[in-house]
Structure formats: structure tokens, C-alpha cells
Amino acid sequence: MHQFHYAGNKLHCEGVSLESLVKKFGTPLYVYSQNTLADHYQKLDRAMKPVDHMVCFAMKANSNLSVVRTLANCGSGFDIVSVGELMRVIKAGGDPKKCVFAGAAKTEAEIEFALKQGVYCFNAESEPELVRINKVAARLKKIAPVAVRVNPNVAAKTHSKITTGTYEDKFGIAFESIEGVYARASKLKNLRLRGVQMHIGSQITETTPFEKAVQKMLPLVAKLKARHHIEFFSIGGGLGIVYKGALESGSPSWWKTTAGKTILTPQKYADRLLPLLKPLGLKILMEPGRFITGNAGVLVTHVEYVKRTGRKNFVIVDAAMNDLIRPAFYEAYHQILPLNKKVRPTMSSDVVGGVCESGDYFCKDRPLPKFAAGEHLALMSAGAYGFVMASTYNTRPLTAEILVNGKQVAVVRERQKVQETWAGETVAPWLK
């Protein structure tokens with residue numbers, strides 16, 4: 001479970017009240033729990049212990065250097081999708097040799113840099129990419145380890161913008177084409193066929209889609225092992241988290257939804273998949289992101305105004321869609337809690353930001369405590385796809401990030417100054 005909780009009426013991250021962080025660092029403010037990050041990684045790592053495996057944290061979920069270092073210290077590998085993410089791993093003290101390089105549009109420069117750093121494997125998304133990797137490797141006189149991302153055409157039953165495993169999606173190569181692709185790739189002299197990979201989507205909260213995808217893949221993986229001596233099978237990421245009811249009645253209830261259903265725990269996931277995976281005799285890779293960091297972070301914001309119209313009660317806060325875009329982009333739910341849990345009536349409200357867009361909202365018509373200007377709120381479960389998707393839209397500077405470890409507090413990203421939002425820009429000389 002995560003380590004955000006009420007102590008008395010005050011919302012805390014581990015041993016530190018969020019109010020104390022607001023007083024010191026201002027808002028909007030991302031706050032991460034280091035012990036939650038480590039705990040989530042370790043739970044999944046332990047659950048998969050019966051097989052040779054490697055957990056590769058998906059950097060796209062949260063790439064803050066201190067988050068990456070926390071996981072590297074736990075022994076994590078990393079799933080990267082750009083040369084920038086690989087550079088972040090190196091800067092944070094992670095091991096490039098435990099990195100898998102995914103992404104559909106790798107450039108020659110990215111491939112060259114990754115080869116020189118000795119990444120564990122490239123997860124290729126197309127045959128032209130395999131040809132490009134072979135070409136770069138030949139120029140460098142290296143052998144490039146590769147796996148092909150298989151599109152198993154299995155629906156993940158998740159949001160349309162985060163499903164990745166059907167033939168309607170841009171990712172991977174069709175299941176039926178894989179044997180031919182591997183046969184042709186085996187003739188490229190500067191490639192080593194190291195494994196095979198799949199990933200069907202994100203925020204999956206039941207085991208059935210994972211089981212269906214793995215069961216469909218098993219005969220194919222066995223053939224690839226026999227013919228090409230692959231050493232690993234990556235089953236991707238996608239394990240979901242609780243957004244609704246991430247904190248109930250003042251006590252952490254990370255393992256249950258508001259409907260009382262048990263969420264997909266690491267052990268439940270392992271119990272259903274290990275019997276299928278063990279007989280392969282291959283190393284198993286996983287690429288979780290949200291599962292590790294999602295519930296490990298919150299976004300704290302200040303209520304600037306409360307505005308009542310004829311039909312609506314608007315709670316206008318200083319955070320906005322440029323800080324946390326998930327509600328605007330995915331229609332995503334984030335639980336919203338007061339930093340001070342005093343008794344108050346409930347009122348249906350929209351919580352909105354100051355960006356000049358009607359889509360700039362965190363919730364609509366939600367029963368919430370009656371908030372007043374000057375209060376502070378926490379948007380829960382904001383540790384994944386939060387800051388990493390932030391922008392400076394409306395020339396709003398990027399917010400600060402804080403890491404908490406017990407009662408220790410560190411600023412792990414300074415708040416951006418407004419002037420820095422146009423750093424690197426210049427006025428064309430003919431306009432001066």
C-alpha cells in the first residue's frame with residue numbers, strides 16, 4: 001500500500017505533513033513517497049521470484065532522477081523509449097546493460113548511442129527498424145541485440161488511448177507475420193535475436209487480458225526459442241492501480257476499489273501467469289510503469305477562488321492541465337482530498353485550473369467537501385504520467401517535485417522560473 005495517510009486531520013506523505021511542504025515550497029507541488037516506490041517494485045520482484053526475470057521500470061511513467069535512482073538502488077532495469085531517457089538512466093546511476101529500448105521511431109543517432117552504451121536489447125517495432133539497427137551496428141562493427149514486438153491482437157479492455165495490442169494500434173508487428181520476420185532478421189549479420197516482446201496496454205486491472213495474450217504467445221515463443229535460441233520473453237507492462245478510493249476513511253486502501261473489488265496485486269498476477277511461463281525455460285521481462293509510481297505521488301494545489309454560477313460550483317485552483325493533463329486527455333479520475341480533513345458539508349463541484357481551455361478540469365460534478373478559497377487539495381495517484389506530461393502552455397512554469405523518505409525531504413526538481421520558459425528562444429534579427 002502507499003504511504004499517504006491522515007494523521008489526525010492532516011494529510012501526510014510518510015512522516016511529513018503536506019501542509020508543511022506547502023508552507024516551505026509553495027504550490028502546485030508534486031510530492032513522491034520513496035518508500036512506496038521501493039515497496040511496489042519489491043512486491044512485484046518478489047512475486048516473480050520463481051522464474052529468472054528482470055523488472056524494467058517504464059521511464060515514460062516518471063523519469064525524475066531521484067525516482068530512477070530509488071529504483072536503480074532496488075536493482076531495477078529500465079524500459080526506455082528515447083535517447084533522453086537512456087541518458088537519464090545513466091545520470092541517475094542506473095545500468096544501461098539492464099535497459100530495453102522500445103519505441104516506434106528510433107533514429108540512427110539514438111540507435112548508435114544505445115549500442116555504444118551496451119543496452120540489453122532493442123525492442124523493434126517494424127522490419128525497416130530491424131534493417132536500420134543492423135546497418136548502424138555494421139557501421140560500428142557491433143552485434144545489436146534485438147527482440148521484435150509482437151502485436152497479439154488481444155484487447156486490453158482499457159481506455160482507447162492506452163491500448164496497444166490490437167491491429168488498430170501503431171505498435172508492433174502482426175502476430176501472424178512474426179515467424180517470417182524472425183527468419184529474415186536471422187540473416188542480418190549484425191543482429192542477435194535475443195528475445196521476443198509484447199505489450200497489450202496500460203491500466204489493466206484484471207488478469208484475463210494478460211492470460212489470453214500469454215496463452216496466445218506461448219506456441220510462437222516456443223518456436224522462436226527452438227529456431228533462433230532466444231533467451232527472453234517480455235510480457236510488457238500494464239498492471240493497473242486504484243484511482244477511485246486510493247485513500248478511504250483516512251486509511252490507505254490501495255488494494256481495494258471503492259466498489260470493494262480486490263485490485264490486481266503482484267501476487268495475484270504472478271499466480272496466474274507463472275504456471276504458463278515456467279515451462280518455457282526463458283528469462284521473463286516485465287515493463288511496469290504506473291504500477292510502481294502511480295500511487296506513490298500526489299499533486300498538491302491551492303484553492304484560489306470558489307465561484308458559484310446558476311448551475312455550477314467551481315473550485316478554481318492554481319494547478320492546471322499543463323501540470324496534470326490526464327483528466328483533460330484521458331477523462332481520467334483522480335481522487336481529490338483536502339490537506340485538512342475537518343468536518344464539512346458535501347457539495348457537487350467542478351475542480352478547474354486557470355488555463356484558457358474548457359477542457360482544463362480535474363473533475364466535473366463530483367460530490368466533494370465544501371472547499372473555501374485559501375485551502376489546499378491533493379490530487380491523488382499522480383505519480384505516473386503526471387509531471388512527465390507537463391508543459392508550459394499559457395507560459396506557466398513547470399512545478400517543483402519533492403521526494404520524501406520517512407521524515408527526510410528533498411527538492412528533486414526546482415520550480416521553474418517564468419523567464420526560463422522562453423530560454424533558448426530569440427527574436428529574429430530582422431525584427432529587432
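Structure summary
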quantity: Residue in region 380-397 that is assigned by TED's automatic domain parsing to the domain that holds residue 304, modelled with pLDDT of 95 or more, part of a strand (DSSP E or B) and surrounded by 15 or more Cβ atoms within 10 Å (Cβ to Cβ) present; calculated: no
quantity: Qualifying residues in region 332-354 (those that are free of Cβ contacts under 8 Å to residues at least 60 places away in the same chain, within 28 Å of the chain's Cα centre (by Cα) and part of a loop (DSSP other than H, G, I, E, B)) - the one surrounded by the most Cβ atoms within 10 Å (Cβ to Cβ); calculated: 353
quantity: 1 or more residues in the same structural domain as residue 235 (by TED's automatic domain parsing), under 24 Å from residue 199 (Cβ atoms) and of a type outside the set (Ser, Thr, Tyr): qualifying helices (runs of 4 or more DSSP H) within region 1-96; calculated: 34-47, 65-74, 83-92
quantity: Residue identified as surrounded by 15 or more Cβ atoms within 10 Å (Cβ to Cβ), in contact with a strand residue (DSSP E or B) (Cβ under 6 Å, 6 or more places away or on another chain) and not aliphatic (A, V, I, L, M) among 77, 103; calculated: 77
quantity: From 319, 270, residue being part of a loop (DSSP other than H, G, I, E, B) and either among the polar types (S, T, N, Q) or at pLDDT 95 or above (or both); calculated: 319
quantity: Residue match in region 141-148 (condition: out of contact with any Ser or Thr (no Cβ under 8 Å at 6 or more places or on another chain), at positive phi and at pLDDT 95 or above); calculated: yes
quantity: Test: residue in region 212-228 that is farther than 23 Å from residue 334 by Cβ, within 20 Å of the chain's Cα centre (by Cα) and at pLDDT 95 or above; calculated: no
quantity: Meets criteria (assigned to a loop (DSSP other than H, G, I, E, B) and either touching a strand residue (DSSP E or B) at 6+ places or on another chain (Cβ under 8 Å) or surrounded by fewer than 20 Cβ atoms within 10 Å (Cβ to Cβ) (or both)) for residue 357; calculated: yes
quantity: Matching residues in region 46-74 - criterion: being surrounded by fewer than 19 Cβ atoms within 10 Å (Cβ to Cβ) and of a type in the set (Val, Ile, Thr); calculated: 51
quantity: Flag for residue 119 being of a type in the set (Val, Ile, Thr) and within 20 Å of the chain's Cα centre (by Cα); calculated: no
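The values are calculated or read from the model by the stated rules, or taken from the named source; none is laboratory data. These numbers come from a predicted model, not from an experiment. Please note: Cβ atoms are built from the backbone with ideal geometry, for glycine as well, and neighbour counts cover all protein chains shown.
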